[in-house]
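Just below is one structure, and these are the notes that go with it.
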Amino acid sequence: MAGVAVLTTINGDNVEYLCQPDETLLDVLRDRLGLTGAKEGCGTGDCGACSIILDDRLVCSCLVLGAEAEGRRVETIEGMAHGDRLHPLQQKFLEHAALQCGVCTPGFLIAAKDLLAKNPDPTEEEIRFGLAGNLCRCTGYDKIVRAVQDAASVMKGA
Amino acid sequence: MVEVTLWGSLGAIAGGKSKVEIEAKDIRELFRKLAEQYPGFEPYIDRGIAVAIDGTIYRDTWSKELPQGAEIFLLPRLAGG
Amino acid sequence: MNFDPRYSGRNFTSVGTRPIRPDGVDKVTGRARYGADFNMAGQLVGRVLRSPHAHATIRKIDTSKAEKLNGVKAVITAADLPDLTDGDAAMYDILDNCMARKKALYDGHAVAAVAAVDARTARQALKLIEVDYEVLPHVTDVDEAMKHTAPLLNDAIFTEGLEEKPVRPSNVTKRTQFGHGDVHEGFGQADYVVERSFKTEQTHQGYIEPHACVASVSADGTADLWVCTQGHFVYRQHCAQLLGMEASKLRVTSSEIGGGFGGKTHVWAEPVALALSRKAGRPVKLVMTRDEVFRASGPTSATSIDVRIGARKDGTITAAEATLRYSCGPYAGMWAEIGAMTAFACYRLENVRTVGYEVLVSRPKTAAYRAPSAPMAAFAVESAVDELAKEIGMDPVEFRIKNAAQEGTRSSYGPVYGPIGIGPTLEAAKNHPHMKAPLGKNQGRGMACGFWFNFGGQTCTDLNIGMDGSVSLAVGTVDVGGSRASLSLVAAEELGIAYEQVKAVVADTSSLGYNDMTDGSRGTFSSSMATISAARNAIKILRERAAQMWDIPLDDVVWEKGHAIAKGEKYGNLAALSLREIAAASGKTGGPIAGHSELVADGAGVSFATHVCDIEVDPETGATRVLRYTVVQDAGKAVHPTYVEGQYQGGAAQGIGWALNEEYIYGKDGRLQNPGFLDYRIPVCSDLPMIDTQILEIPNPNHPYGVRGVGETSIVPPLAAIANAVSNAAGVRMTHIPMSPPRILAAIEAERGG
Ligand code: FES
Ligand code: FES
């Protein structure tokens, strides 16, 4: 199969790549561009470990084709911190120990960022439903929810 | 001489005994003598037997001494998660 | 080496604080590298062909077409992994499970594998491999498999542990028995007897990261393996043995691990990846899909358990008995045995007997899952205990407190307990505000206790002090949940320096001596012991160097708060030397300063937990909702309390999933019908409430700081606690896990009808 040439923006940078028409955006990010922060937990849209933001929409990158990124804006976990300054969500995840193994963490951070962008002051229930598309097997979610609550209050103050 | 308590399945191989007396000063000697006196134990020893001495479980310590009068209990070696 | 592991009471400076973990920033920025995040130049993609049949003879495999496909670099079958196990039955089973030899024994069993230039070519190649199967009858249910009429999975298996040697082969590989006293007599003294049968379905550890590795075998026979594992040293041993390599020529590096819970203690794909790389002469990356993870790795046993408990009117248990049947998959295991040991471990019993049966079924090989085998046994026993309390008319907490094991109690599995925490966890639960909170309509409260042994084992640690006084700690136990933070705290504590001055890493198999798996909750217990020992060895050298710098006798130098201090009036004017100062001078006082430790950490303290939960049941649909959940558990000593809480919460959440939702569903054809997270549903954020935790600290006498393992016990009580809560809410005893809505509804309707 002939490759598809794609021109897109990833974390603010213009990026060009060639991919197969049936290749997922997740595979492109991980295998072609070396952005391995998004993880493949299932490949079927069920775990959220591959979460990214595509033109302000939270998506599972395992369900998006690499070719579909043409002309769009992709945000991944690698673009979340500013230089050596962590995003408040990243900082709060650390402080609350909202990660154990950490493999779900990039997905949760992206999903939480999207959630707070749309709802800066979520209730516990809104956080729980807002993050229900992301699986974590280690933490029981308790500390994740607390970290998001704390980050929300910090971000409101900022 | 120490008195060694066997767990159920090992007891069955020892002819239904739940306790055996063995002259052994440490875990290594205990295993050697058990294997001599009860050949049927050998596969169990190969698979791993843990020794509880006064309630503390030892898995791999041959040199561990068996104090006189201590409560010595054999257990199968376990897998964890 | 004279290391004294005994507990000594002390005031801690670092231990017990909650600093940020050293691997944290990499994990929140996406920089941390897990199994699938590593690549090598020229690497090929490996993929595995799996049996679609639950039980079938493999007559012939024709790989010729696949080999001819452009881009395919190697195709392997069992023939490429010859049997080098030399009569070691357990290793043979591992080999056979990695690549089926004569028969495919479950849906998903590996039968061949390919390495190709890219994933698409590899997938195409799999389709070109022709396997000629003769399909055989199968059996997936544990009770069915025990019947004489059941299809035999292995006709060389004769039940072990029976009084008379069996004449016919069987799917039951072993019978085991534990206990003491005379249960017959004990039941004779009982005023009340409860007898019940229970079933639990098979679940998966459900780690979010699938198994992944990169293998690279060189022409000179040396090899590298990058892999997500709970025990890279054990993987090295197993892989080396299966491939006929010398262990020292195989260097295994453990990646960051995206969850294991016991499931990453067993090799599956790694020997296959190495064999592919050996044949292709290039590195091979092999990553399982989620479907493969479910079909071919993990799961825990499905069980069927009968329990009988008798008590006097005053609430004293007089006898307890259980028969436990655990599925092992197609290979012998010791899962029922562990269940039989743990079943009644929480109680003080004069007369107790448990019997376990290991049962072969046409399902994937059972793997350890967090306190393996204990949750199912606890479900059965704790459900019966609740029933019995009810019959006697006692409060379930009081009934348990009355019968709880104590220091000096003979455990149901044999040895006598030292200081233990079951009583204190029960008292704490009883006094917890949760116990007094009001309940609404259709809501029920349940509680249950749980026990786990905790392991120690072989451990090796290096502590190197740099010239700038910073400390690098190399450990060989994989960090599955924050142990690098905990071990840095321990090193800081022992040396008397700041946590930030220590950096802990997990060393590869060529850089450090052998370490057992991180299993059995041993990571922090064992490695902290080895770290303390290494630090003490380093302190001895630091004192020697200080003595040299001052030119005074070693005996006059003591170590306090990170400094060497010259003891005695005559040294009044000598200022204390800090670790940094001694390190800076080390080049002139004898070279690098390091402390090493190799030891077998024994005496891991048993741990107990009590859980309380409130559940609401919708009587119309059978749907449930977890309203409140509280975990009380003894940690011995919580080195990093936040991570201890995390272990408690995580175990509880897994237990909740198991209790209410998760199960392997097999079709009549013996195929797994739900090998994905959509149909095998683990709890999501909106399914759970906050999980309250209470850490008790009853010091383990066999650890300098009193540490016990904490990782596993928390999954033991939830099945039972939730079953008791659901039973109380629905007014009908639930005996089958998971308590999915249809099962609850059926139980309610049966009760109404009857
Ligand atoms: S990998 Fe995309 S949702 Fe699981
Ligand atoms: S921290 Fe391990 S899956 Fe979430």
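The values are calculated or read from the model by the stated rules, or taken from the named source; none is laboratory data. Here the structure is a predicted model, which means the values were calculated and not measured. For neighbour counting, all protein chains shown are included, and Cβ atoms are generated from backbone atoms with ideal geometry for every residue, glycine included. Each accessible area value is taken on the protein alone, full model and side chains, heavy atoms only, with ligands, DNA and RNA left out. Shrake-Rupley method; radii C 1.70, N 1.55, O 1.52, S 1.80 Å.
If you check C:Ala389, C:Ala448 for being touching a residue at least 60 places away in the same chain (Cβ under 8 Å), assigned to a strand (DSSP E or B) and assigned by TED's automatic domain parsing to the domain that holds C:Ala343, only one passes: C:Ala448. Only one entry in C:Ala240, C:Ala280 is in contact with a strand residue (DSSP E or B) (Cβ under 8 Å, 6 or more places away or on another chain), more than 16 Å from ligand 1 (Cβ to nearest atom) and in contact (Cβ under 8 Å) with a residue 24 or more places away in the chain, namely C:Ala280. Within the stretch B:33-56, being open to solvent by 40 Å² or more (accessible area, probe 1.4 Å), more than 11 Å from the chain's Cα centre (by Cα) and within 17 Å of B:Glu3 (Cα to Cα) holds for B:Glu36, B:Gln37, B:Asp54.
The residues on offer are A:Val15, A:Val64, A:Val74, and the sole one that is open to solvent by 10 Å² or more (accessible area, probe 1.4 Å) and within 16 Å of ligand 1 (Cβ to nearest atom) is A:Val64. Filtered by the rule that a residue be open to solvent by 20 Å² or more (accessible area, probe 1.4 Å), modelled with pLDDT under 95, more than 12 Å from every other protein chain (Cβ to nearest Cβ) and within 22 Å of the chain's Cα centre (by Cα), the stretch C:688-723 gives a lone residue, C:Val710. The listed residues are C:Asp224, C:Asp191, C:Asp220, and the only one of them that is closer than 30 Å to C:Asn351 by Cα, away from ligand 2 (no atom under 16 Å from the Cβ) and not assigned by TED's automatic domain parsing to the domain that holds C:Asn661 turns out to be C:Asp191.
Table: residues versus (1) under 30 Å from C:Gly496 (Cβ atoms); (2) modelled with pLDDT of 95 or more; (3) more than 14 Å from chain B (Cβ to nearest Cβ).
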position	(1), (2), (3)
C:Lys430	no, yes, yes
C:His434	no, yes, yes
C:Cys460	yes, no, no
C:Ile465	yes, yes, yes
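For (1) away from ligand 2 (no atom under 16 Å from the Cβ); (2) outside any helix (DSSP H, G or I); (3) under 13 Å from the mean Cα position of the chain (by Cα), each residue gets a yes or a no:
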| position | (1), (2), (3) |
| --- | --- |
| A:Thr8 | yes, yes, no |
| A:Asn14 | yes, yes, no |
| A:Leu26 | yes, no, yes |
| A:Ala38 | no, yes, yes |
| A:Leu58 | yes, yes, yes |
| A:Leu99 | no, yes, no |
| A:Phe108 | no, no, yes |
| A:Ala112 | no, no, yes |
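Would you call A:Glu125 over 16 Å from the mean Cα position of the chain (by Cα), part of a helix (DSSP H, G or I) and more than 16 Å from ligand 1 (Cβ to nearest atom)? Taking the combined requirement at face value, the residue satisfies it.
From C:Gly655, C:Gly676, C:Gly650, which residue is open to solvent by 10 Å² or more (accessible area, probe 1.4 Å) and within 13 Å of another protein chain (Cβ to nearest Cβ)?
C:Gly676
Of the residues examined, C:Arg681 is one that is more than 15 Å from ligand 2 (Cβ to nearest atom), in a loop (DSSP other than H, G, I, E, B) and within 17 Å of A:Arg128 (Cβ to Cβ). Taking the stretch C:243-266 as the range and being more than 16 Å from ligand 1 (Cβ to nearest atom) and within 14 Å of another protein chain (Cβ to nearest Cβ) as the test, the residues that pass are C:Ser254, C:Ser255, C:Glu256, C:Ile257, C:Gly260, C:Phe261, C:Gly262, C:Gly263, C:Lys264, C:Thr265, C:His266.
In the stretch C:18-32, the residues that are more than 8 Å from chain A (Cβ to nearest Cβ) form Cβ pairs under 7 Å with partners that are charged (D, E, K, R), at six or more places apart or across chains, as follows: C:Pro22/C:Arg484; C:Pro22/C:Lys503. Filter the stretch A:114-140 down to the residues that are among the β-branched types (Val, Ile, Thr) and within 24 Å of C:Gln654 (Cα to Cα), then identify the one that is nearest to ligand 2 (Cβ to nearest atom). Once the filter is applied, the top-ranked residue is A:Thr139.
The one condition from (1) without any contact (Cβ under 8 Å) to a residue 60 or more places away in the chain; (2) within 8 Å of another protein chain (Cβ to nearest Cβ); (3) open to solvent by less than 10 Å² (accessible area, probe 1.4 Å) that A:Val103 does not meet is (1). Among the residues of the stretch C:195-213, just one is under 18 Å from C:Thr289 (Cα atoms) and more than 13 Å from chain A (Cβ to nearest Cβ), namely C:Cys213.
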